[in-house]
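Here is the structure we will look at, set down as structure tokens.
Since every read-out is calculated from the coordinates, none of them should be taken as a lab result. If you're wondering where the values come from, they're calculated on a predicted model, not measured in any experiment. Cβ sites come from the backbone with ideal geometry, for glycine too, and all protein chains shown count toward neighbours.
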Amino acid sequence: MPSEQVKALIRQGREFLKSNDFGIEEMSDQQLRLPQPPLVKDKMTDKQISLPLNFDELPIDQNFLNVINKRVSHRVYTEKKITLLELSYLLWTTQGVKSIRGNNYATLRTVPCGGARHEFETYFIAKHIEGLEVGAYHYLPMTHEIEFIKSIDEIDETISKSLEEQKWATKASVIFYWSVIPYRSEWRYSYFAHRIILVDIGHVCQNMYIASESIGLGTCAIGAFDRIICDTLFSLDGEEEFTILVSPVGSVSIENDALEKDFYAFLKTQDE
Ligand SMILES: Cc1cc2nc3c(=O)[nH]c(=O)nc-3n(C[C@H](O)[C@H](O)[C@H](O)COP(=O)(O)O)c2cc1C
């Protein structure tokens, strides 16, 4: 039986899920005509790298149903390097900006998002990417560039600690960490923004699954991460911006797929 404290938290969680239904008639900051927050975060450094955008060169599986049917969570990776074009494809399909609506009112992207607020930023640790120094990076969706933030010492230990010791993720080629800037959504949706935010991040992650699968890579959503370690990695303040979901991506093989079929057997071997 859950304790009274946990029962109260469960009730609170259920109320949160119903939070579009409170009937509070209070105007949001948008309705009050308060200034809109920036659509994207400014660049953090002067080290931008532009990304290739010609995806015709990628062997993308064009059979949509096949990709959907193939999709699983992949936790075993071959450690083969991925290319900059593959990285670019993953960033484009999850957060790429297709156009800007109105006078800088909203970005329209490759994923749907409540009110087109697009309240996420994408950071990543590059581990095995052709032409990229190992380290921490930030995606700049307006220009489809990435920026190098910093090198990382003891990379495997850092990744593992940030993901509650899920060591299998250290074999990925790239580990994406999505942050949320809640006010981008709160400005429009006030107290029920948070429910929308959780729906929105699901769309981003689902595109990561589908896009990875379509080019022979694999991912697995990670909700069990150490938020404070992740936030510190990318200098997020933990209040106005914090980590919301993680997604390691690596190349996969038929042999790996066989190993993954027995997930629990695989977990027993991950320390070996
Ligand atoms: C929001 C979310 C968080 C998840 N967190 C983890 C995680 O921390 N570790 C993990 O191994 N799998 C995680 N998963 C993967 C699920 O375990 C997986 O999707 C589920 O077992 C179904 O398997 P399938 O994706 O292969 O269909 C997560 C999935 C989602 C959607």
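Overview of values
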{"quantity": "Expected 222 nm ellipticity per residue - DSSP helices of 4 or more, -39500 (n - 2.57), all of the chain, to 500", "calculated": "-10000 deg cm²/dmol"}
{"quantity": "Mean Cα-pair separation over length for the chain, i.e. relative contact order, pairs under 8 Å, 6 or more apart, %", "calculated": "25 percent"}
{"quantity": "Distance histogram for region 71-269 (every C-alpha pair counted, 10 angstrom bins, percent rounded to whole numbers)", "calculated": "9, 36, 37, 15, 2, 0"}
{"quantity": "Highest-fluctuation residue, Gln30, Gln206, Gln166 considered, GNM on the chain with Cα pairs under 10 Å", "calculated": "Gln30"}
{"quantity": "Leu108-Glu240 pseudo-label distance in nm [points 7 Å out on the Cα-to-Cβ vector]", "calculated": "3.0 nm"}
{"quantity": "FRET efficiency estimate (nearest 0.05) - Cβ-Cβ, Lys150 to Asn54, R0 25 angstrom", "calculated": "0.25"}
{"quantity": "C-alpha long axis of helix 84-95 to longest principal axis of the chain, angle in °", "calculated": "30 degrees"}
{"quantity": "When each of Lys70/Lys127; Lys7/Lys171; Lys43/Lys127; Lys80/Lys150; Lys7/Lys127 is checked by Cα-Cα distance, pairs over 32 Å", "calculated": "Lys7/Lys171; Lys7/Lys127"}
{"quantity": "Span per principal axis, largest first, for the Cα atoms of region 1-136 (Å)", "calculated": "52, 50, 35"}
{"quantity": "Order of Arg195, Arg117 under a 10 Å beta carbon neighbour criterion, fewest first", "calculated": "Arg195, Arg117"}
{"quantity": "Phi-based couplings in Hz for region 218-227 (Karplus 6.51, -1.76, 1.60; Gly and Pro marked x)", "calculated": "x, 9, 8, 4, 10, x, 8, 10, 8, 4"}
{"quantity": "C-alpha long axis of helix 4-17 to longest principal axis of the chain, angle in °", "calculated": "80 degrees"}
{"quantity": "For region 226-262 versus region 13-77, the gap between their alpha-carbon centres in whole angstrom", "calculated": "15 Å"}
